[in-house]
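Asker: Would you mind keeping the following structure in view while I ask a few things?
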Amino acid sequence: MLRDKQVLVGVTGGIAAYKTAELVRLLIKAGATVDVIMTKNATEFITPLTFQTLTARPVYIETFTLLSTSDIQHTSLSDRAQLVIVAPATANVIGKYANGIADDLLTTTLLATNAPVLLAPAMNPRMWTHAAVRDNCARLAERGVQFIGPEKGEVACGDEGWGRMCEPARILEAAAALVSHKPLAGKKILITAGPTREPLDPVRYISNRSSGKMGYALAKAARNLGAEVTLVSGPTVLPDPLDIEIVWVETAREMAQAVDEHFDATDALIMTAAVADFRPATSTEAKLPKDQCPDAVPLERNPDIIAAVAARKKHQFVVGFAAETGEAETKARAKMERKKLDAIVANDVAQKGIGFDSDHNEVRILFADGRVVPLPKMPKEDLAFAILEKLF
């Protein structure tokens, strides 16, 4: 997590510098304290005032300009930084960093810091594939420098290819993973997320209101804490989390098969997916005209995925989720006992502002040994870390 972290953001002279303002905003929203160093070329693309307004802190440009203190800037900035992000990272700054050249405040600070460094490259695709740039990136990677991107797409000059700077949200995700403690290192965790869809025909289906946000938040939090994560996801509109194996499914039976295939190799299963309890007894390969649709649709039960794997668990820790409307704790405890789970996370989705589609949630974790741990309403991204802390 980035809360209370000291983050130093370096901005270099590329058109993607305009995106860095959004990255700084996201870092501050995540709770980080942000200092910004700009190269002189960066100031041609975006003004220092933009970053000063966002951070409410001075923006650093000149190596030898002293402000209200006698600090040597490249050492004082590097000493207090817990993470350094360079976005955009141009071919020029990558080359200087790789070869130990320190001719401005940013490159001097990069050579002085002991903090983790994350580079977000952005350049013309022909430059990105040039042998010199590839060699410089390989050299930095060998020294432990981390990279995020670039992405494939159209760049400012109109060329297509690998060279676009990653979107700020992706850089933020990579930054959070880089600075998090790793108490779950060595563990393999299987997480399910999202709804399932049970087709009536190629167009119509039975589903539910699950957005997948809680499951995706848990997957990213578990990854940040060092776990090897496999995410089995039903249909969502959420972006793929970084560095997580994703198994895409649509129906409950497909999810059951995916969980069954991965369960034996995992240390824990966290079943956040809202699996449809029923499916149409029959479905058609072609769309049914409205006047041919039946007035009643016969249903049959879907497999109880978590009960099936919990019944054959060996060393695995199996956690369920219970989205209820009223008496959530009572209903969740009955479900936990009936399905022989180790723990269950209960929430009352009848409460406004939490649960399905919301970015917030409020839960109670029930354990098989009788413990109950309430967690107050908070953003799902924060709640995911709190849940994992209590579970493991």
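The values are calculated or read from the model by the stated rules, or taken from the named source; none is laboratory data. Bear in mind that the values here come from a model prediction, so they are computed numbers and not experimental data. As a convention, Cβ positions derive from the backbone with ideal geometry for all residues, glycine included, and neighbour counts pool all protein chains shown.
Asker: Mind listing just one residue for me: the one in region 86-105 that is touching a residue at least 60 places away in the same chain (Cβ under 8 Å) and under 29 Å from the mean Cα position of the chain (by Cα) and, of those, farthest from T20 (Cα to Cα)?
Answerer: Out of the qualifying residues, it is V93.
Asker: Suppose the filter is within 25 Å of R197 (Cα to Cα), in contact with a Pro (Cβ under 7 Å, 6 or more places away or on another chain) and in contact (Cβ under 8 Å) with a residue 60 or more places away in the chain; does V319 pass it?
Answerer: Criteria not met by V319.
Asker: Quick one: how many residues across region 348-389 are basic (K, R) and either touching a Gly at 6+ places or on another chain (Cβ under 8 Å) or surrounded by 14 or more Cβ atoms within 10 Å (Cβ to Cβ) (or both)?
Answerer: 3
For every residue, the table says whether it meets (1) among the hydrophobic types (A, V, I, L, M, F, W, C); (2) at pLDDT below 95; (3) surrounded by fewer than 14 Cβ atoms within 10 Å (Cβ to Cβ); (4) in contact with a helix residue (DSSP H, G or I) (Cβ under 6 Å, 6 or more places away or on another chain).
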{"residue": "D277", "(1), (2), (3), (4)": "no, yes, no, no"}
{"residue": "K287", "(1), (2), (3), (4)": "no, yes, yes, no"}
{"residue": "Q292", "(1), (2), (3), (4)": "no, yes, yes, no"}
{"residue": "A296", "(1), (2), (3), (4)": "yes, yes, yes, no"}
{"residue": "I305", "(1), (2), (3), (4)": "yes, no, no, yes"}
{"residue": "A308", "(1), (2), (3), (4)": "yes, no, no, no"}
{"residue": "V318", "(1), (2), (3), (4)": "yes, no, no, yes"}
{"residue": "A322", "(1), (2), (3), (4)": "yes, yes, no, yes"}
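Asker: Mind listing just one residue for me: the one in region 106-131 that is touching a residue at least 40 places away in the same chain (Cβ under 8 Å) and in a loop (DSSP other than H, G, I, E, B) and, of those, surrounded by the fewest Cβ atoms within 10 Å (Cβ to Cβ)?
Answerer: Within region 106-131, the match that is surrounded by the fewest Cβ atoms within 10 Å (Cβ to Cβ) is P116.
Asker: Continuing with the same structure: From (1) of a type in the set (D, E); (2) more than 28 Å from the chain's Cα centre (by Cα); (3) farther than 25 Å from P303 by Cβ, pick out the condition that doesn't hold for E337.
Answerer: It is condition (3) that E337 fails.
Asker: May I pose another question? Of the numbered conditions (1) over 21 Å from P195 (Cβ atoms); (2) in contact (Cβ under 8 Å) with a residue 24 or more places away in the chain; (3) surrounded by fewer than 18 Cβ atoms within 10 Å (Cβ to Cβ), T330 fails exactly one; give the number of that condition.
Answerer: Among (1) over 21 Å from P195 (Cβ atoms); (2) in contact (Cβ under 8 Å) with a residue 24 or more places away in the chain; (3) surrounded by fewer than 18 Cβ atoms within 10 Å (Cβ to Cβ), the lone unmet condition for T330 is (2).
Asker: In region 252-262, which residue that is over 22 Å from the mean Cα position of the chain (by Cα) and surrounded by fewer than 21 Cβ atoms within 10 Å (Cβ to Cβ) is farthest from I206 (Cα to Cα)?
Answerer: Among residues in region 252-262 that are over 22 Å from the mean Cα position of the chain (by Cα) and surrounded by fewer than 21 Cβ atoms within 10 Å (Cβ to Cβ), the one farthest from I206 (Cα to Cα) is E261.
Asker: Is it true that some residue in region 25-44 is among the basic types (K, R), assigned by TED's automatic domain parsing to the domain that holds V117 and not in a helix (DSSP H, G or I)?
Answerer: There is at least one residue in region 25-44 that is among the basic types (K, R), assigned by TED's automatic domain parsing to the domain that holds V117 and not in a helix (DSSP H, G or I).
Asker: Out of the residues in region 228-286 meeting the condition of being assigned to a strand (DSSP E or B) and of a type in the set (G, A, S), tell me which one is farthest from L218 (Cα to Cα).
Answerer: A274
Asker: To continue, here is another question. Based on what the data block shows, is A281 touching a residue at least 12 places away in the same chain (Cβ under 8 Å), surrounded by fewer than 14 Cβ atoms within 10 Å (Cβ to Cβ) and in contact with a strand residue (DSSP E or B) (Cβ under 9 Å, 6 or more places away or on another chain)?
Answerer: yes
Asker: Restricted to region 80-105, and to residues that are modelled with pLDDT of 95 or more, within 21 Å of Q6 (Cα to Cα) and of a type in the set (A, V, I, L, M), which residue is surrounded by the most Cβ atoms within 10 Å (Cβ to Cβ)?
Answerer: Only one residue fits best here, namely A89.
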